[in-house]
Number of protein chains: 2
Amino acid sequence: MAETTDTGLPRAVAIAWGMQEAPQRGPNRGLSHERIVAAAIQIADAEGLAAVTMQAVAKSLGFTTMSLYRYVSSKDELLRLMQDAAITLPEKVKLPGDWRDALRAWAGIVRDAYRAHPWTLDLPRGPIAVLMPNNVRAADLGLAAMKDLPLPDDEKIGVILVISQHVGASVELEQNLAAEGAVAIPDEGAQLLNEVITPARFPHLAPVMESGNYIPDDSPVVEAEDGIDPEYDLGLDLIISGLEVMEKQKAGHESSSGM
Amino acid sequence: MAETTDTGLPRAVAIAWGMQEAPQRGPNRGLSHERIVAAAIQIADAEGLAAVTMQAVAKSLGFTTMSLYRYVSSKDELLRLMQDAAITLPEKVKLPGDWRDALRAWAGIVRDAYRAHPWTLDLPRGPIAVLMPNNVRAADLGLAAMKDLPLPDDEKIGVILVISQHVGASVELEQNLAAEGAVAIPDEGAQLLNEVITPARFPHLAPVMESGNYIPDDSPVVEAEDGIDPEYDLGLDLIISGLEVMEKQKAGHESSSGM
DNA sequence: GCTTATCTGCGTATCGCATAAACAGAGTAT
DNA sequence: ATACTCTGTTTATGCGATACGCAGATAAGC
C-alpha cells in the first residue's frame with residue numbers, strides 16, 4: 001500500500017512532479033528532495049543499490065539519518081524517486097524520420113539511460129513508476145518515433161512497453177553477465193556440467209553446448225563499449241520486422257488488396 | 001563472488017544438480033536441501049519473498065535458524081535454489097509440429113511457470129541461474145520447439161533469451177499491476193496528472209491519455225484467468241512474425257531467389 | 001511585538017534479520 | 001574402544017529501518 005497524499009496520488013509521484021507545497025511555518029529547510037535523491041543516486045552508482053542506506057545517504061549530506069524522514073516518508077519512497085530521477089533522457093532528441101530508424105534510436109536512448117544507472121532495473125517497475133515524469137517523457141518520445149506508423153494508439157503503447165521491457169531485460173542480462181562473469185565456469189566445472197547435460201536428457205541443447213556455440217567458456221560476453229550485444233539487436237530486429245509486417249497488412253487493407 | 005565448491009561450480013549449481021556428496025562421519029541429517037527449499041518456496045508463495053527469512057523457514061521446519069546453515073551457506077544460496085526449484089516445467093510436453101505454434105506453446109509453458117511463483121522474477125537472473133537444471137531444461141524445450149526453423153544455433157539461443165525475457169517481463173508487469181492496482185489513481189489524482197501531462201509538454205502522449213485509450217482510470221488491467229494480456233500477445237506476435245520474415249529470407253537464399 | 005501553532009534536525013530506542021562462534025552429543029572409521 | 005567428523009543448538013554481534021519525543025526556529029494572527 002503506497003502512501004498516498006491528500007491528492008490521492010502516491011507521494012512519490014507528487015514529489016517527482018514538483019507538486020507538494022513546501023510548509024511555511026517552521027524553520028528553513030536545510031535539505032531538499034533533490035539533494036537527497038541526488039546523493040542517493042551517487043551512492044548507488046558508485047557502490048551499488050545495496051549501499052544505499054538511509055544512514056549512508058544522510059552521512060554523505062552531513063545530516064543525521066532521521067532527518068531524511070522529514071522529506072521522504074520511507075526508504076521505499078526514496079527508491080522510487082531515485083528510479084525516476086536516474087532515468088533521464090537527453091534534453092533535445094532528434095528522431096529520424098523513418099519509424100524503423102526512429103524506434104531503433106529511441107530504444108538506444110532508453111538503453112543508454114538504463115546503462116548509465118543499471119541499478120534502476122533492480123527496482124520494481126509498477127504502475128507508480130509509469131506515472132513518473134521521465135517515464136512519461138520516454139513514452140511520449142516513443143510515440144513520437146511511431147508517429148508515421150499506422151497503428152492504433154493502444155497498440156503503440158503496447159509496442160513501447162514491449163520494447164522497453166526488451167531493452168531493460170537486455171541491459172539487466174548484460175549487467176549480470178558482466179558482474180558475475182568473472183566467476184564464470186572454470187574448466188573443471190564445465191567438465192562436471194557435461195556429465196549432467198547429456199544428449200539423453202537434453203537432446204536438443206546438449207549438441208549445441210558441445211559444438212561450443214553457446215557461451216564457450218571464454219565467453220563472448222559483451223566487452224565492447226557501444227552495442228555489440230547480439231541478443232539486444234536480435235530482439236529489436238525481430239520486433240521491428242514484425243511491425244513492418246503489421247504495417248504492410250494495414251496498408252493492404254486500407255488501400256484495396258495487395259499492391 | 002558466489003561461493004564456489006571444490007568442483008569450481010557455484011555451490012548452488014552443484015546442489016541443484018544433485019552433485020554434492022553427503023558427509024558420512026557424523027550423525028544422521030535431520031534435514032535436506034529439498035525440504036528446506038520446499039519450505040522456503042511455500043512461504044514465498046504464501047506471503048511473498050520478503051517473508052522468506054531464515055528464521056521463518058527454520059521455524060516452519062521445526063528447527064532453529066542456524067541449523068539451516070549446515071545445508072546452505074547463505075541466504076543467497078537458498079534463494080538461488082528456490083528460484084530453480086520453483087520454475088518447474090511439466091514432465092511430458094507435447095509441442096505442436098509447426099514451429100510457430102510450438103514457440104507459442106513453449107512461451108505459454110514458461111509463462112505458467114512464472115505465474116505459479118511470480119516472486120522468482122524478483123531474483124536476479126544471472127549466469128548462475130542459467131546453469132540450473134530447470135533453466136537448462138527450458139532451453140532444451142525451446143530448442144525443440146524451433147527444430148524445424150532454419151536458423152543457426154546461436155540465433156536460436158538468442159530467440160530463446162528474447163522470448164524468455166519478454167515472458168518474464170510481461171508476467172512481472174502483470175503482477176505489479178495486479179498488486180498495486182488497488183492503489184491506482186483515484187479521480188482527483190487523474191485531475192492533477194492532467195495538469196502536468198499537457199499537450200505542450202507531451203505532444204504525442206497527452207492526446208492519447210485524453211482519449212482514454214491508455215489505462216482509463218477504471219483500468220482494463222488483466223483480470224481474466226487465462227491470457228487476455230494484450231502486451232504479452234503483442235510482443236510474442238511481433239517476435240514470431242519477425243522470425244517468419246527471417247525464415248523466408250533464409251529459404252529464399254537457400255533455394256534460388258523468391259518463391 | 002508577542003504568542004502560538006508548526007516545523008526542523010537530532011538523539012534515543014526498538015525490532016527484525018543475517019550470520020559468526022563455540023559447544024555437547026551422535027555416529028563412523030580404525 | 002577411541003578419535004575424528006558432523007549435527008543441531010545457544011549465544012552474541014552488527015546493521016538497517018524507523019517510531020518517538022525534544023529543543024530551537026519561524027511565520028501568522030492578535
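Quick notes on this structure:
- Applying the criterion of being within 7 Å of chain B (Cβ to nearest Cβ) and either under 30 Å from residue A:251 (Cα atoms) or modelled with pLDDT under 95 (or both) to the residues of segment A:160-172, the residue that is most open to solvent (accessible area, probe 1.4 Å) is A:161.
- Filter result (more than 10 Å from every other protein chain (Cβ to nearest Cβ) and open to solvent by 20 Å² or more (accessible area, probe 1.4 Å)) within segment B:118-146: B:118, B:134, B:135
- Residue in segment A:1-54 that is nearest to the other protein chains (Cβ to nearest Cβ), counting only those that are open to solvent by 70 Å² or more (accessible area, probe 1.4 Å) and of a type in the set (A, V, I, L, M): A:1
- In segment A:77-88, the residues that are open to solvent by less than 30 Å² (accessible area, probe 1.4 Å) and either basic (Lys, Arg) or under 19 Å from residue A:9 (Cβ atoms) (or both): A:77, A:78, A:81, A:82, A:83, A:84
- Note on segment B:183-206: among residues that are more than 8 Å from chain A (Cβ to nearest Cβ) and modelled with pLDDT under 85, the one that is most open to solvent (accessible area, probe 1.4 Å) is B:191.
- Scan segment B:56-86 for residues that are in contact (Cβ under 8 Å) with a residue 12 or more places away in the chain and touching a Ser or Thr at 6+ places or on another chain (Cβ under 6 Å) and the total you get is 2.
- Residue within segment B:62-76 that is open to solvent by 30 Å² or more (accessible area, probe 1.4 Å) and away from DNA strand D (no atom under 16 Å from the Cβ) present: no
The values are calculated or read from the model by the stated rules, or taken from the named source; none is laboratory data. Please read these numbers as outputs of a predicted model, since none were measured by experiment. Here the Cβ is made from the backbone with ideal geometry for all residues, glycine too, and neighbour counts use every protein chain on show. With ligands, DNA and RNA removed, areas are computed over all heavy atoms of the protein, side chains included. Shrake-Rupley method; radii C 1.70, N 1.55, O 1.52, S 1.80 Å.
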